[in-house]
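Encoded as structure tokens, the structure appears first; notes follow it.
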Amino acid sequence: MRVTVLIPAHNEAKQITETIASLRRQERPPDHIVVILDNCTDATAALAQLCGVEIVGTRGNEHKKAGALNQILDRLLPIFGPDDAIMVMDADSALDPGFIRHGVDFLASGHYAAIGGTFTGKPGGGAVGMFQRNEYARYARDVRRLQGKALVLTGTATIFRAATLQEVVAARRERRLPGRPHVYDVRVLTEDNELTLAILHLGFRILCPRECTLTTEVMPTWRELAQQRLRWKRGALENLIDYGWTPITRPYWGRQLLSLIGILVISAYLSSLVYSAIWLGGIQFSPIWGAITVIFMVERVVTVRQRGPAQMALAGTIVVEMIFDVFLQFVQARAFWQAAWRKERKW
């Protein structure tokens, strides 16, 4: 298969050379690399040009990453054939050497329409970066335990059959899928999640195999992390509202329900501690909450084992990681609130 890599980039001068270098180091290098310059005002273009890749600029794009990709895909898809594959990856990601080789092997088997990757976090970000790296390690572990049956083809890096994306465009044109006749729906906050649902509703299969791995940037501050996760969580919820209740969306709705239950459980847990400390003069032992605490502690330790003994010991304290968990639950609750009241969507 011929592999064309598309890298949408908006002011990614700090990351773009590492991203391109990871493509050059692939055991099976891509046949063509295109960096899509989207309203850049830094040195992204000059650095990408020095790396010897094709550079294409967007024109009048007001739809962020999805709009930038649509402009290029609208031109490429009509000329691509059944042996073409398109890889879309973030400009702040770096592939491990076997990613494309294994991804193409899975696509060539004829069983899958798209192959996604599992990712770990790059260094940096202090405590908030550490929490994200632990979270990503748990996500990768979950995907491996499910034998690659991930729910989302993330924007960090995914290889698609060109024919699959052509079918998505045709289905949108025929109103079998929501959105205008482009690959990405520019109305949504999470274009990669929406595209995943579109592909699955067309009856295609996807996979995130253990062999396709990469690293990606972590958010360096709590504020930026809150903005990112609010967009992810609200976008995922609104994608489900667009598609409704279908055999494909049922597991996704189930995860939303579990998230809501998680918010309620955490709220009840913390409320009971505060109540005991203030009104009862100290923390009172409860067999029920004690059992929940032990289960939670074991889950935290086991699921971060890949990160080493230090992170396992930190997870075992519960208190430290509880800060991050409560933070995520707060963001999730805010996403539910905004979606319910149809607050203005912001990238």
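Screening the chain for DSSP H helices whose Cα atoms reach 18 Å or more along their own axis and whose mean Kyte hydropathy is at least -1.0 gives 64-76, 250-279, 287-303, 319-340.
Placing unit charges on each Cβ (+1 for Lys and Arg, -1 for Asp and Glu) gives the chain a dipole about its Cα centre, and among A140, V5, I33 the Cα reaching farthest toward its positive end belongs to A140. Each of S286, F106, V331 was scored by the projection of its Cα onto the charge dipole of the chain, and the greatest displacement toward the positive side belongs to S286; charges sit on the C-beta of Lys, Arg, Asp and Glu. Over the stretch 2-220, the hull volume per residue, using the convex hull of the C-alpha atoms, is 115 Å³. Counting only DSSP beta bridges with both residues in the stretch 82-232, what percent are antiparallel, rounded to the nearest 5? Counting only bridges with both partners in the stretch 82-232, antiparallel ones make up about 65 percent.
For I33, the residues 5 or more places off, or on other chains, whose built amide H falls under 5 Å of its own are V5, E54. Backbone amide hydrogens, once placed in the peptide plane, bring R28 within less than 5 Å of I100, R101, excluding anything fewer than 5 places away on its chain. For the stretch 106-208, the spread of Cα positions along the three principal axes, ordered from largest to smallest, is 48, 33, 18 Å. Secondary structure note: in the chain, about 35% of the DSSP beta bridges are antiparallel.
To the nearest 20 Debye, how big is the dipole of the stretch 2-220 about its Cα centre, given +1 on the beta carbon of each Lys and Arg and -1 on that of each Asp and Glu?
Working: 26 positive and 25 negative charges, 110 e Å.
For this selection, approximately 520 debye.
Once the 1.4 Å probe is applied to the protein heavy atoms, the chain comes out at 49 Å² accessible per residue.
If you filter the stretch 164-261 for chymotrypsin sites (Phe, Trp or Tyr not before Pro), then keep DSSP loop positions with at most 13 other Cβ within 10 Å, what is left? Spell out each step's value before the answer.
Working: sites: Y184, F204, W222, W232, Y243, W245, Y252, W253; in loops: Y184, F204, W245.
When the chymotrypsin sites (Phe, Trp or Tyr not before Pro) of the stretch 164-261 are filtered for loop state and at most 13 Cβ neighbours within 10 Å, W245 remain.
The spread of Cα positions in the stretch 250-341, taken along each principal axis and listed from longest to shortest, comes to 41, 39, 20 Å. Surface composition of the chain: carbon plus sulfur atoms hold 59% of the accessible area, using a 1.4 angstrom probe and ignoring ligands, DNA and RNA.
Taken along the Cα-to-beta-carbon direction at a fixed 7 Å, the label points for E27 and A310 span 3.0 nm.
Taking a ≥ b ≥ c as the square roots of the eigenvalues of the Cα gyration tensor of the stretch 290-332, is the shape rounded (a/c under 1.5), prolate (a/b larger than b/c) or oblate? Here the stretch 290-332 falls in the oblate category.
Taking amide H as placed 1.01 Å from N in the peptide plane, A157 has its amide H under 5 Å from the amide H of D90, G117, each at least 5 places away in sequence or on another chain. Placing unit charges on the Cβ atoms of the charged side chains and taking the dipole of the chain about its Cα centre, the candidate lying farthest along the positive direction among L240, V265, F160 is V265.
The values are calculated or read from the model by the stated rules, or taken from the named source; none is laboratory data. Note that the coordinates shown come from a computational prediction; the quantities given were computed from them, not determined experimentally. Glycine gets a Cβ as well: all are built from the backbone with ideal geometry, and neighbour counts include every protein chain shown. Calculation scope for accessible area: heavy atoms of the full protein, side chains included, ligands and nucleic acids excluded. Shrake-Rupley method; radii C 1.70, N 1.55, O 1.52, S 1.80 Å.
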